[in-house]
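Comments concern the structure below.
Laboratory data are not the source of any read-out in this text; all were calculated from the coordinates shown. Predicted, not measured: the structure shown is a model, and the values here were computed from it. Methodologically, a virtual Cβ is constructed for each residue, glycine included, from the backbone with ideal geometry; neighbour enumeration extends over all protein chains shown.
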């Protein structure tokens, strides 16, 4: 399949090689051009602008936030003004429900198809084609994406006909991951202050009641205490919890724990944690109790 791919951050740079390996013809665009060359060497084509990635009739965006997705989609020289009528835009970014609504309407008005397909997984999962993909949109459009999703992920979950639904599910999922990080961090601070071996405690947890990937991955990051290897940056965690709170306000669903998590991310950033992984909020409880903090 011929397509464009816009956004070669930590996730996108791992996803494109899997599309190429599956035989897809991919044209890539990234604002920082240096990220393009390694993929060109693996068989991708380079686009000098967003428009150059919109010539094949299908384009994937994998960008950091609402502002980036909105600029690339709706701005001058963007996807909507360059993708041919009937073309397909697959947004794999984590964006707000409100923006998903606006993009759905704007694409429909332009005679384009729009699918939201945010992913669950860190950069290592993206590189290994082990992402979980949450897809929503017109069923025929989602079906057309199947070969692309098969190249990038291990499982696709169809969330319904409304693209926004996929983003709501992704935000709810990220909220749960944040909650795990915070609760594990508090538990580790408690046993650590007593002098109990935190790694031994984690092994107990993950081999008994909490035998799940999220506890193994994020519990391990909290115990290791090295948050400089960034899979998902702390400011993006703050962004996502704010989006979850906005969705809760729209739907009249109180999310008191999400409000606490927003404040935890604000505290982390206030301490200078902008360049750390979002799992660093799991070290705040230890910091608050006089033990080591997220900066070591």
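A few notes on this one:
- Each DSSP beta bridge with both residues in region 2-161 is either parallel or antiparallel, and the antiparallel ones are about 10%.
- Label positions at residue 246 and residue 274, each projected 7 Å from the Cα along the C-beta direction, are separated by 2.1 nm.
- Relative to the longest principal axis of the Cα atoms of the chain, the long axis of helix 97-109 makes an angle of roughly 0 degrees.
- Springs between Cα atoms under 10 Å define the GNM used for the chain, and in it the highest mean-square fluctuation of 149, 158, 265 occurs at 158.
- Look at 262, 42, 130 and count the other Cβ atoms within 10 Å of each Cβ; fewest to most, that gives 42, 130, 262.
- Largest GNM mean-square fluctuation across 276, 257, 268, computed for the chain with C-alpha springs under 10 Å, falls on 257.
- Full-extension gain in nm, residue 176 to residue 40, via 0.36 nm per residue minus C-alpha separation: 45.2 nm
- Angle between the chain longest axis and helix 256-270 axis [Cα atoms, degrees, rounded to 10]: 90
- Taking each DSSP H run with n ≥ 4 as -39500 (n - 2.57) and averaging over every residue of the chain yields -15000 deg cm²/dmol at 222 nm.
- Helix 213-224 axis, angle to the chain major axis (alpha carbon atoms, nearest 10°): 60
- GNM flexibility winner over the chain from 106, 200, 138 (Cα, springs under 10 Å): 200
- Packing-based exposure ordering (other Cβ within 10 Å, fewest first) of 252, 31, 264: 252, 31, 264
- Taken as Cα centroids, region 97-115 and region 143-181 sit 18 Å apart, rounded to the nearest whole angstrom.
- Correct choice for semi-axes √(5λ) of the Cα gyration tensor in Å that was computed from the model, options (i) 33, 24, 18; (ii) 36, 20, 17; (iii) 41, 26, 16: (ii)
- Percent RCO, i.e. relative contact order, over the chain, from Cα pairs under 8 Å lying at least 6 residues apart: 14
- Only beta bridges with both residues in the chain are counted; by DSSP, about 15 percent of them are antiparallel.
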